[in-house]
Each structure stands twice: as structure tokens, then as C-alpha cells.
Amino acid sequence: MQQKRQPELVEGNLPVFVFPTELIFYADDQSKHKQVLTLYNPYEFALKFKVLCTTPNKYVVVDAAGAVKPQCCVDIVIRHRDVRSCHYGVIDKFRLQVSEQSQRKALGRKEVIATLLPSAKEQQKEEEEERIKEHLTESICTYSNRSVSSGPSLLTVFLGVVCIAALMLPTLGDMESLVPLYLHLSVNQKLVAAYILGKMIQSMYGGFLGC
């Protein structure tokens, strides 16, 4: 019986399946100083792997080299060991190289980026504000387009008035204001109001350039 031969694989062309493709470490949460990369092997032959990094002094990679059985996966633990403010926002790169167990040439490569951020809560807050801006912008564009021939809708006018009022209210920390403290807005809230007002003006008088 003739043995079935594995087709010849071209160096560097083999797709590499890794999840996630981005690692985010948070300085204020020790549990987030460790992340896990999962390398999948959907093929019918075993793979060797090796993990390389652009800044190896900042990370500890547990089992930086090893093997993955056919149609199996392996977890690679990566720890950030240099959590300092000077590294916030710096993008580092990991490269996973895979090859057949019987060969040395790299059949495939995959890059994964890694970033250290100061706080998970701050990141979630920024993402929430961005979602609010996107949602309100879509609403403004929808109603502005509907009222292109008949003038601004009542909702558009109302939103505009609310944004102007928000910009006129005192900022948090303004102790000399006579306005009640619960009506004081943060700088971020005023920035959102200014952004929405700008998009409304652009939609009504700028030919709907933002939509």
C-alpha cells in the first residue's frame, strides 16, 4: 500500500491561527498583568512553535517554544514584568513562528501586538463615551436627512438647545458658581456636548458632510 505523502509546504505561506491578536495589560489590576495567547493547529500534522518579542526584557513568556499536536491547541502565558508609567501606550510586538517538527524553516508567522494601559476603568469610560458619540451622531444624521427639505426637526432643535445649555453650565470644581453642584458637568461631558453640537451644525449648514 502506497503511503500518502504530505503536500510540500511553502516557507512562510502557512496560515497561523492565534487568539487574541492583541494583548492589553492594565497597570492598576495585577490580574491583568498576565495574558494568555491560544495557538490553534487545525492541520493534520504536528507543528513546532516559537514566540519572539521586540522587547523581551519587558515580558516573561512561559513555554516560549513547544509543539502543538494535529487539530489541537496550546495556551501560551505572557506576563508583563515591567509595569511602569513610561511604558503606557507603547506598542510592543510578539511574533509566533510555526514549522513542521521535522523541519527548521518557518512555514508561517503571525504578529500579535501588546499594549500597557494605566487603568481598565479609564479605558472602559473612553469606550463608553465613544459609543455615546457615535450613537448620537447617527441619530442626528438620520433626523437631519429626513428634514433636509422642511428645515430642522424638533428633535434636532431640542438636542441643539440641550448641548448649548450643557456648555453654559459650570464645570466641576468651579466653587464660585451659584448653580447647584449636581448641575456641574465634567470636562469630558462638555467635550461630548461640543462634539454633538458641531456635528449638528455641520449637518444642517455644511451639506451633511459628516453623514
| Do you know which residues across the stretch 1-20 are at pLDDT 90 or above and open to solvent by 50 Å² or more (accessible area, probe 1.4 Å)? | Pro15, Phe17, Phe19
| message | Cβ-Cβ distance below 9 Å, separation of 6 or more or different chains: which pairs start in the stretch 62-80 with a residue that is part of a loop (DSSP other than H, G, I, E, B) and end on one that is small (Gly, Ala, Ser) and open to solvent by less than 70 Å² (accessible area, probe 1.4 Å)? | response | Lys69/Ala46; Pro70/Ala46
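Residue by residue, here is whether (1) out of contact with any Asp or Glu (no Cβ under 9 Å at 6 or more places or on another chain); (2) surrounded by 14 or more Cβ atoms within 10 Å (Cβ to Cβ) holds:
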position	(1), (2)
Val61	yes, yes
Ala64	yes, yes
Cys86	yes, no
Lys93	no, no
Leu96	no, yes
Ala106	no, yes
Val112	no, yes
Thr115	no, yes
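The values are calculated or read from the model by the stated rules, or taken from the named source; none is laboratory data. Given the structure is predicted, the values throughout are model-derived calculations rather than measurements. Because the Cβ atoms are built from the backbone with ideal geometry, glycine has one as well, and the counts that use them run over all protein chains shown. The area values use the complete protein model at the heavy-atom level, side chains included, leaving out ligands, DNA and RNA. Shrake-Rupley method; radii C 1.70, N 1.55, O 1.52, S 1.80 Å.
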